[in-house]
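Below is one structure, written out as structure tokens; comments come after it.
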Amino acid sequence: MLPIDLRSDTVTRPSAGMRAAMAAADVGDDVYGEDPTVNALQARVATLVGKPAALFVPSGSMANQTCIKAHTSPGDDVLCGDGAHVMLYESGAAGALSGVQLTVVGQGGLFDAEGCEAAFKPDNHHHAPTRLVCLENTHNRGGGRVWPRAQLAGVVEWARRRGLRLHLDGARLWNAHVATGVPLAELAAPFDSVSVCLSKGLGAPVGSLLCGDVAFVHRAHRIRKMLGGGMRQAGVLAAAGLFALDHNLARLGDDHARAKLLAERLSAAGAGLPYGAETNIVIFDLSGPAAPFVEASRAAGVLVNAVGPSRVRAVTHLDVDRDAVTRAAEVLAGLLPR
Ligand code: TLP
């Protein structure tokens, strides 16, 4: 029997319908701006996110790093949350490609204006001047938490007062939208740039978009080329994204309900739930080491990831139905160290 794979929502495979849409895609050379399917996807996502323009890029990491590079100059300082993907999981790209220093604010991914003020560096000869603030919504290492609106508004108001730019890593902004019912454009409105991923809960095999105003996206377009992200007949990939938006957005609520079910079962069996389970990510703490637990789970047919010495992450997605999550919950709960 195939394992129940809860390592990430990136593990989904394109469905038959999605593959058919990809095969049928009308394509052209996107480096010439002539791929109609890429152009349609960019226009659709820009509208959804409420920004004037969007650019299709191969990955969420490239979307974030292109935005960071477009917003900053080498030697600048960038504020981000504890465990931010841009800091922890993008291979040091902000330092290597943009030459910026990252300052971590707050704990558990979210932060507030007070923390930002304490971390802020003014533009004088002692400091790397703070130029940009990056938020992540939902927050991956923060257990898929959605930023509370008032807290986010406080950070935004502070950043504007300080004359800073704001970037949103919205790889899972779709989940924040479905969990709260707040329109995507409203969640994205305070930000100068927003990245969204098609290859997480939406189930497309590849692709992210960065969104912003026309001048910003023009600048980002050149950086994408510089980073080797100019693709040619990328419409075969964009078609998967359009299919995902049509078929897989509204159903994210199912993933959230399944994550809740899993979290409740684990909590009842003694696991610690530091962040609850607001969307599709369940982070849980064990009373023993994570590595042998992950191994034992694998042997029992359930795949999860260790994300700390005694911390584990399980993510629900469209390739695990309610029965599979229920079975996985039984297996994981039974293996918890006592
Ligand atoms: N996250 C992956 C891993 O890299 C950790 C996962 O399994 O969750 N922003 C956020 C918030 C992300 O969670 C990810 C991927 C990205 C950006 C990067 O996307 P890709 O993998 O397309 O570069």
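The values are calculated or read from the model by the stated rules, or taken from the named source; none is laboratory data. Treat the numbers as computed from the prediction; the structure is a model and nothing was measured. No Cβ is skipped: glycine too gets one built from the backbone with ideal geometry, and neighbour counts run over all protein chains shown. The protein model used for the area step is the full one, side chains on, heavy atoms only, and it has no ligands, DNA or RNA in it. Shrake-Rupley method; radii C 1.70, N 1.55, O 1.52, S 1.80 Å.
General observations
- Projection of the Cα convex hull of segment 25-137, averaged over all directions and equal to a quarter of that hull's surface, yields 8.8 nm².
- The residues 275, 32, 89, sorted by heavy-atom accessible surface at 1.4 Å with ligands and nucleic acids left out, run 32, 89, 275 from largest to smallest.
- Other residues whose C-beta falls under 15 angstrom from the C-beta of residue 179 contribute a net charge of +1, scoring Lys and Arg +1 and Asp and Glu -1.
- Taken as Cα centroids, segment 195-211 and segment 1-54 sit 7 Å apart, rounded to the nearest whole angstrom.
- Cysteines in the chain that lack a partner Cβ within the 4.7 Å cut-off: 67, 116, 197, 211.
- Percent breakdown of C-alpha pair distances by 10 Å bin, ordered from the shortest bin, for the chain: 6, 26, 32, 24, 11, 1, 0
- Spherically averaged projected area of segment 114-255 from its Cα convex hull (nm²): 10.4 nm²
- Net charge, residue 205 excluded, C-beta distance under 11 Å - Lys, Arg +1, Asp, Glu -1: +2
- Dipole moment magnitude, nearest 20 debye, the chain about Cα centre, only Lys, Arg, Asp, Glu C-beta charged: 200 debye
- The order of the peptides 201-207, 261-267 by mean Cβ neighbours within 10 Å, most packed first, is 201-207, 261-267.
- Ranked by how many other beta carbons lie within 10 Å on average, peptides 41-47, 209-215, 14-20 from highest: 209-215, 41-47, 14-20
- Between 247, 127, 71, the Gaussian network model of the chain with springs among Cα atoms under 10 angstrom shows the greatest mean-square fluctuation at 127.
- Packing-based ranking of 95-108, 75-88 yields 75-88, 95-108, ordered from highest to lowest mean Cβ neighbour count within 10 Å.
- Dimensions (Å) - segment 251-335, Cα atoms, principal axes, largest first: 34, 26, 20
- Listed residues 117, 136 arranged by accessible area, highest first, probe 1.4 Å: 117, 136
- Antiparallel bridge percentage (DSSP; both residues within the chain; nearest 5): 50 percent
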